[in-house]
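The values are calculated or read from the model by the stated rules, or taken from the named source; none is laboratory data. Since we're looking at a predicted model, the values are computed, not measured. Quick reminder, even Gly has a Cβ in these numbers, built from the backbone with ideal geometry, and neighbours come from all protein chains shown.
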Amino acid sequence: MILVDGLHKRFGRVEAVYGMSFAVGDGEIFGLLGPNGAGKTTTVRMLAGLIAPTDGSATVNGHSLGEGSQRIRGLSGILTESPGLHDKLTARQNLAYYGRLYGLRGAPLAAAVERYLGVVGMSEHADRRVSGFSKGMRQKIAIARALLHEPEVIYLDEPTSGLDPSAAKTVRDFVATLRELGRSIVVCTHNLDEAERLCDRIGIMRGTLLRVDTPAALRRHGRAATVRVELNGARGPSSFLDGLASLPFVQGAQPRDTAMLVELADPALETPDLVAHLVAAGARITGVREEAATLEEVYLELVGEAGERDRPTSAASDPATEEAP
Amino acid sequence: MRPGYVAAVFVKEWRDIVSNRLLLGAVIFPALVFAAIPTGLVAFIQVNDLDPQQLGTIRDYLNDFPNVPEKLAAQGFIITNFMAYFLLIPAMVPMAIATQSVIGEKVARSLEPQLATPLEVSELLTGKTLAAALPAITATWLVYVGYGLINGAIADPRLTRFVFSDVWLVAMGTLVPLICLFSVLLGIVVSSRVNDPRTAQQIGGFVVIPIIAVAVAQFFGGEPTFTLTQVWIGNLLVAALIGVALAIGSWAFDRETILTRLG
């Protein structure tokens, strides 16, 4: 469980992160979406006990940032933006080294290394030096390294970067199994499709959190959902509008060519009633689907608005905030 | 500081060094060169008669080897005079290893994942320092012992006593590890500011200048080797420099500084 309250990080005169408050529950995957320099990496570094916040507080599984940072580092697994492997060592030696740094020794260490080499499909390359590895192979070893010590909290920065579609799916599936095991997972990504598929909730940030919600709710962006009903027959869509106005759950309706767009508060619950009413009224329905903005549209709108507003100090002007502050 | 964590870093660094042939060459080659030149000269004198005219230029120094034949005194002068250059091994080698280690980690961006573990910065630096210093100390001591034994064997056993004098035993036991430590710390501090190992080694290279200056000064000052007092003064000076380097290093290697500046 991660609880963040008013987290703030300043580098010199630059406000890299400010006013960050959110929570990530056990068994939840929380996505942090934002442009370069938005403060995602800085936020993760603070929560992983790597750097100290300037202000605010956070607890990770009950340990507070600051005095509990070493314990937090011990119970956290982090996939950094760059794999950061030791080129002269083999894959197995890399993992064994990090296993020791996380306190594993002897048989449990060897077992963990073997297990995670297998999980990421790298067992047959275990004794090769990583200097000869492709970007995707390095990423797999870095993922294994982050999970080796069975961390309770996991931070993944661009987890499928450099992976082919098959390997990316394997990683996504594995992350989903970690959720089933009750781990709290924070994923930083630019990949909106991945965020939507993987995350239970998404926080869009630019220096601070602009909005936090489920992917479906984000797509609606605070508006009523719109259901598009395609019609076929002699009667045009306008002829059904008066009847729809009598339904209490319909918030608005308008014709569009051979279809009608109907605004509903809860499409999953109300669409069957809408369809039943229209069929009873004589409509010949050929298709029904929910129309919502894409996550990309919502993201660009939110980030664009935030970019136009003044921040305490422009983070973009300082190279220290470029994803590696 | 937890020994298990320091040992983990040390073993990793050691594997890195052993797998880097260029770096291994940088450890072994200077040590062999510094030993081979005077040994060659001693062997040359052993198989050839001394030219009295050449001997004249070093006659003043030979007075420091009383009650021995001129030929042996000349050999003694050569082997003891060159020993000052042995101090260059602990000055040069650990710096090469330390700069390679730190800058290699900067380029590979491998410092962050290590600092994300429960490892403390002091444990990381201690492991790195030991891994960089031990090869140089070992190489210096091995070459020193071999130098004394080989010269005694090919020329005169009394040469071995000149090499294993009280002064040089103290210098090898104290000054060599101190110079190593200073060299590593300087290498680490310099490496934190630049991204190219060669640049770091060139900047850090000033550490060898005082040693060469001392070696040259002792020659022109009419001394074939150091005195015990000079060795202890040298120890104090290097210890003071280590204190300065530690103060700078503790600032340069704060966890946050490493992440924000070194990556």
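Any chance region A:247-254 includes a residue that's among the polar types (S, T, N, Q), in contact with an Asp or Glu (Cβ under 9 Å, 6 or more places away or on another chain) and assigned to a helix (DSSP H, G or I)? No, that holds for no residue. Each residue in region A:240-277 was checked for being of a type in the set (Ser, Thr, Tyr) and surrounded by 15 or more Cβ atoms within 10 Å (Cβ to Cβ), and 1 pass. Each residue in region A:17-65 was checked for being within 29 Å of A:Asp193 (Cβ to Cβ) and more than 20 Å from the chain's Cα centre (by Cα), and 1 pass.
Right, A:Val24: closer than 18 Å to A:Asp157 by Cα, within 14 Å of chain B (Cβ to nearest Cβ) and at pLDDT 90 or above or not?
Values: closer than 18 Å to A:Asp157 by Cα: yes; within 14 Å of chain B (Cβ to nearest Cβ): no; at pLDDT 90 or above: yes.
No: the conditions fail for A:Val24.
A:Thr160 satisfies every condition listed in (1) within 13 Å of another protein chain (Cβ to nearest Cβ); (2) buried (at least 22 other Cβ atoms within 10 Å of the Cβ); (3) not basic (Lys, Arg) except (1). Scanning region A:77-95 for residues that are more than 7 Å from every other protein chain (Cβ to nearest Cβ) and within 29 Å of the chain's Cα centre (by Cα), we see that the one that is farthest from B:Asn20 (Cα to Cα) is A:Gly77. The residue of region A:38-75 that is surrounded by the fewest Cβ atoms within 10 Å (Cβ to Cβ), among those that are facing chain B (nearest Cβ under 7 Å) and closer than 18 Å to A:Ile143 by Cα, is A:Gly74. The condition of being surrounded by fewer than 24 Cβ atoms within 10 Å (Cβ to Cβ), assigned to a strand (DSSP E or B) and not aromatic (Phe, Trp, Tyr) holds for only one of A:Asp26, A:Asp5, that being A:Asp5.
So is A:Gly99 within 8 Å of chain B (Cβ to nearest Cβ), touching a Pro at 6+ places or on another chain (Cβ under 9 Å) and not β-branched (Val, Ile, Thr) or not? Please lay out each step first, then the result.
On the way: within 8 Å of chain B (Cβ to nearest Cβ): no; touching a Pro at 6+ places or on another chain (Cβ under 9 Å): yes; not β-branched (Val, Ile, Thr): yes.
No; evaluated as a whole, the condition is false for this residue.
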